[in-house]
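Accompanying notes for the structure given below.
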Amino acid sequence: MQKRIAATLLNTISEELLKTAQVVSFRRGEYIKRAGYSFRHFCILAQGSAKLVYDDAVSNPLILEIFHKGDFFGEMEAIGMQTDNRSIVALTDGKLYCFTSEQFLDMWSNHSEVSRYILYIHCERLLREGNDKINAACLFLREKVFRLIQENLNEANYFLYTKDILAEMSGVSIRSLNRILAELKGLNLIQLSGGTIRLNI
């Protein structure tokens, strides 16, 4: 039977391990990690919330993730990876459990419950990012097909060409096109009848 994953890392890590961490307090608006500065700690939020932002010099910061009590960050930096364009900023007052790089590597090697949980969360993030990419690609194709229909209408608002030609214009298979057309019909943007496509006005 598969072991159930705990709700947060705080529910997984032992009290003995937490006692080895440095407890750090922070204030709302404070930089916990600042882009461009060295950071080699693994941290678990004991209290409060913080945001991970893409923070380069030429654009406004972009929020990538929101962390709450029990969430963690710094695992990549703790193994030596560079994340120079990312900052972590406190959204509220709070506290962190901070572990050194050496402590983190020891936890990873000798405490399987910790490494298993971190790996599980990373896999969840990868799945979520993959789903976001799929949804974005589907949205882009739907908009592309709808725009092609709009640009190629006769006076009665019927698409001028066949589905085969629309599929070729869109760069998708007939199967994919039929799915996209069904979505557009479901949104009440077009009508489908006898192989014809009519724009709803």
Note to self: So for region 145-152 (the condition being surrounded by 12 or more Cβ atoms within 10 Å (Cβ to Cβ), without any contact (Cβ under 8 Å) to a residue 24 or more places away in the chain, in contact with a strand residue (DSSP E or B) (Cβ under 7 Å, 6 or more places away or on another chain) and among the polar types (S, T, N, Q)), does at least one residue qualify?
What the structure shows: yes
Check: What do you reckon, is Gln22 out of contact with any Asp or Glu (no Cβ under 8 Å at 6 or more places or on another chain), surrounded by fewer than 19 Cβ atoms within 10 Å (Cβ to Cβ) and modelled with pLDDT of 95 or more?
Finding: yes
Notebook entry, point to check: So which residues in region 112-128 are open to solvent by less than 30 Å² (accessible area, probe 1.4 Å) and of a type in the set (Phe, Trp, Tyr)?
Noted result: Tyr117
Margin query: If I filter region 79-104 down to residues being more than 24 Å from the chain's Cα centre (by Cα) and exposed (fewer than 15 other Cβ atoms within 10 Å of the Cβ), which single residue comes out as farthest from His68 (Cα to Cα)?
Written below: Glu102
Next item on the list: Please enumerate the residues belonging to region 147-198 that are part of a helix (DSSP H, G or I) and either in contact with a Pro (Cβ under 8 Å, 6 or more places away or on another chain) or within 18 Å of Ile134 (Cα to Cα) (or both).
Entry: Ser170, Arg175, Ser176, Leu177, Asn178, Arg179, Ile180, Leu181, Ala182, Glu183, Leu184
Note to self: Can you tell me which residue is surrounded by the fewest Cβ atoms within 10 Å (Cβ to Cβ) among those in region 169-201 that are over 15 Å from Phe140 (Cα atoms), hydrophobic (A, V, I, L, M, F, W, C) and touching a Phe, Trp or Tyr at 6+ places or on another chain (Cβ under 7 Å)?
What the structure shows: Leu189
Margin query: Name the residue that is most open to solvent (accessible area, probe 1.4 Å), counting only residues in region 35-52 that are under 23 Å from the mean Cα position of the chain (by Cα) and modelled with pLDDT under 90.
Written below: Gly36
Margin query: Need pairs with beta-carbon distance below 9 Å; first residue farther than 15 Å from Ala46 by Cβ and within region 14-29, second of a type outside the set (Val, Ile, Thr) and outside any strand (DSSP E or B); sequence gap 6+ or separate chains.
Written below: Arg28/Gly48; Arg28/Leu91; Arg28/Asp93; Gly29/Leu91
Notebook entry, point to check: Considering region 94-119 alone, what residues qualify as being in contact with a strand residue (DSSP E or B) (Cβ under 7 Å, 6 or more places away or on another chain) and charged (D, E, K, R)?
Noted result: Lys95
Check: In region 159-168, what count of residues is obtained for those that are over 21 Å from Cys138 (Cα atoms) and surrounded by fewer than 16 Cβ atoms within 10 Å (Cβ to Cβ)?
Finding: 3
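Residues checked against (1) of a type outside the set (A, V, I, L, M); (2) under 24 Å from the mean Cα position of the chain (by Cα); (3) over 30 Å from Gly194 (Cβ atoms):
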| residue | (1), (2), (3) |
| --- | --- |
| Glu77 | yes, yes, yes |
| Ser112 | yes, no, yes |
| Cys138 | yes, yes, no |
| Leu148 | no, no, no |
| Leu166 | no, no, no |
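The values are calculated or read from the model by the stated rules, or taken from the named source; none is laboratory data. Computed from a predicted model, the values in this text were never measured in an experiment. Note that each Cβ is placed from the backbone with ideal geometry, even for glycine, and that neighbours are counted across all protein chains shown. Accessible surface is based on the protein model in full, side chains and every heavy atom, while ligands, DNA and RNA are left aside. Shrake-Rupley method; radii C 1.70, N 1.55, O 1.52, S 1.80 Å.
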